[in-house]
Amino acid sequence: MISVIVPALNEEKYLAYCLESFANQSYRDYEVIVVDGGSFDKTVEVAKEFADKVIIDSKRPVGAARNAGARIARGDVLAFIDADTVACPSWVETIIQSFNHNRLIGVTGPTLPLDGHMFDRLVYKAATHYLQRALVFVNMPHVPGFNCAYDKQAFFRAGGFDESNVLSEDTRLSLKLRKLGVVAFNKHMLAYTSTRRIKKYGYPYMATFYLINCLFTHLTGKSLRHYPAVR
């Protein structure tokens, strides 16, 4: 069984699209858990309409929300997707097929823009299909938290997502997990995510922000304290 965990905060606009993408999955043995971060819009109401479980974990980083969902999950595999991200119809099945391989403890796949233009599609494909795949190949997995799945036991052995930092909690986890087993890239584990942050701030700003955060994290062991807001 797979447990799909969705952190959400004021996501009434996108959450229904995310959760509806699990209505017609080709593999049916899964549960959907939404972890709300203290929304003041209709996020919780939307979640209760579609999800199997809804919990409130207010005013904490997204890593803490994902961990809260993992702690109540019944599945042997923990799959993570964000509220503004939509899974392809074979997303869950692809995860199951991936974990049939020996020593595999984690898997990720490409993420394309949900609402972007051709240029956005090219950028996302380069970043999440080619670069991310190359990093997995050289055993330096930088796995995004909005499209990934992990073996439950390995996830908790690695300590779950970092709850002390606002950013980079997902890549920190994947880099720890590589010491416990294989983290793979499956090109069929496709998801589509919103480009709203890119639309609001632009590629130059966001690229600079990610670079600064990467350097700051490597030098200090801590991420930057904020993420450019979109809500």
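The values are calculated or read from the model by the stated rules, or taken from the named source; none is laboratory data. Here the structure is a predicted model, which means the values were calculated and not measured. Positions of Cβ are generated from backbone atoms using ideal geometry, with glycine treated the same way; all protein chains shown enter the neighbour counts.
Any residue that is in contact (Cβ under 8 Å) with a residue 24 or more places away in the chain and within 30 Å of residue 226 (Cα to Cα) - is there at least one of those in the range 89-100? No; the residues of the range 89-100 include none that is in contact (Cβ under 8 Å) with a residue 24 or more places away in the chain and within 30 Å of residue 226 (Cα to Cα). The residues on offer are 179, 222, and the sole one that is at pLDDT 90 or above, out of contact with any Lys or Arg (no Cβ under 7 Å at 6 or more places or on another chain), assigned to a loop (DSSP other than H, G, I, E, B) and charged (D, E, K, R) is 179.
Hey, any hits in the range 19-33 for a residue that's assigned to a helix (DSSP H, G or I) and out of contact with any Pro (no Cβ under 9 Å at 6 or more places or on another chain)? Yes: the range 19-33 contains one or more residues that are assigned to a helix (DSSP H, G or I) and out of contact with any Pro (no Cβ under 9 Å at 6 or more places or on another chain).
Being in contact with a helix residue (DSSP H, G or I) (Cβ under 9 Å, 6 or more places away or on another chain) and over 30 Å from residue 199 (Cα atoms) holds for only one residue in 23, 70, and it is 70.
At least 3 residues being of a type in the set (Asp, Glu) and surrounded by 16 or more Cβ atoms within 10 Å (Cβ to Cβ) is the threshold, and among the helices (runs of 4 or more DSSP H) wholly inside the range 82-167 not one reaches it. Here residue 124 meets each of (1) more than 22 Å from residue 88 (Cβ to Cβ); (2) within 17 Å of the chain's Cα centre (by Cα) with one exception, condition (1). Set side by side, the residues 191, 184 differ, and just one is closer than 26 Å to residue 15 by Cα and under 17 Å from the mean Cα position of the chain (by Cα), which is 191. Among the residues here, residue 173 does not qualify as touching a strand residue (DSSP E or B) at 6+ places or on another chain (Cβ under 9 Å) and in a loop (DSSP other than H, G, I, E, B).
Suppose the filter is surrounded by fewer than 23 Cβ atoms within 10 Å (Cβ to Cβ), within 21 Å of residue 170 (Cβ to Cβ) and polar (S, T, N, Q); does residue 10 pass it? Yes: the conditions hold for residue 10.
Among the residues of the range 218-228, which ones are in contact with a helix residue (DSSP H, G or I) (Cβ under 9 Å, 6 or more places away or on another chain) and over 9 Å from residue 167 (Cα atoms)? Within the range 218-228, just 228 meets the criteria.
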